[in-house]
Amino acid sequence: MPGLPLRSIGLAGAVLAFSACGDSAGPVGPGLTVEAGVATYAEDAYDHPAGLIEVGLVNTSELAHTLLIEDEDGVDQGVRLFVGVEAPEDEVQIDLAPGTYLFFCDLPGHRLAGMEATVRID
């Protein structure tokens, strides 16, 4: 069962490849960075190992975007990243169990325009 996300403060230019937690959660796995364009994410599908990972959203457009995560049953995973022009990067640490997830933008019209991606966690 996925754990609660641990919010972080902005990216330092890119998602860190590896980081360590100071608590019993264990080390953070390699980062998964999603680039948000005008009305799309850079990729339609991502693959990533299971465990505590750092998910980053980087805005490459002049529009604001979000990234929410749902599991394959449509259950909200409690994550909502937000990026805009003045704050183009956001990140979160989340423990994702193996399965298929959906990343999507919930701003009006963005998801309908195709701003979603499938994420397979192995």
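Just so it is clear, none of the values below were taken in a lab; they were calculated from the coordinates. Quantities reported herein were computed from a predicted structural model and do not represent experimental measurements. For neighbour counting, all protein chains shown are included, and Cβ atoms are generated from backbone atoms with ideal geometry for every residue, glycine included.
Tabulated values for the structure
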{"item": "Inter-label distance for Glu70 and Thr118, nm, one decimal - labels placed 7 Å from Cα along Cα-to-Cβ", "result": "1.5 nm"}
{"item": "Cα pair distances in segment 44-102, grouped into 5 Å bins until the bin that holds the longest one, percent each", "result": "4, 18, 25, 26, 15, 9, 3"}
{"item": "Mean-position separation - Cα centroids, segment 103-120 and segment 55-81, in angstrom", "result": "8 Å"}
{"item": "Formal net charge of residues neighbouring Ala45 (Cβ-Cβ distance under 12 Å; K, R +1; D, E -1)", "result": "-3"}
{"item": "Thr100 versus Arg80: modelled label distance in nm, points set 7 Å from Cα along the beta carbon direction", "result": "2.6 nm"}
{"item": "Kirkwood hydrodynamic radius over Cα pairs of segment 38-77, then Stokes diffusion coefficient at 10 °C and 1.306 mPa s, in µm²/s", "result": "128 µm²/s"}
{"item": "Cα→Cβ-extended label distance, 7 Å offset, between Arg111 and Ala42, nm", "result": "2.4 nm"}
{"item": "Segment 68-122: proportion of alpha-carbon pairs further apart than 12 angstrom, %", "result": "69 percent"}
{"item": "Relative packing of 54-66, 76-88, which averages over residues the other C-beta atoms within 10 Å, highest first", "result": "54-66, 76-88"}
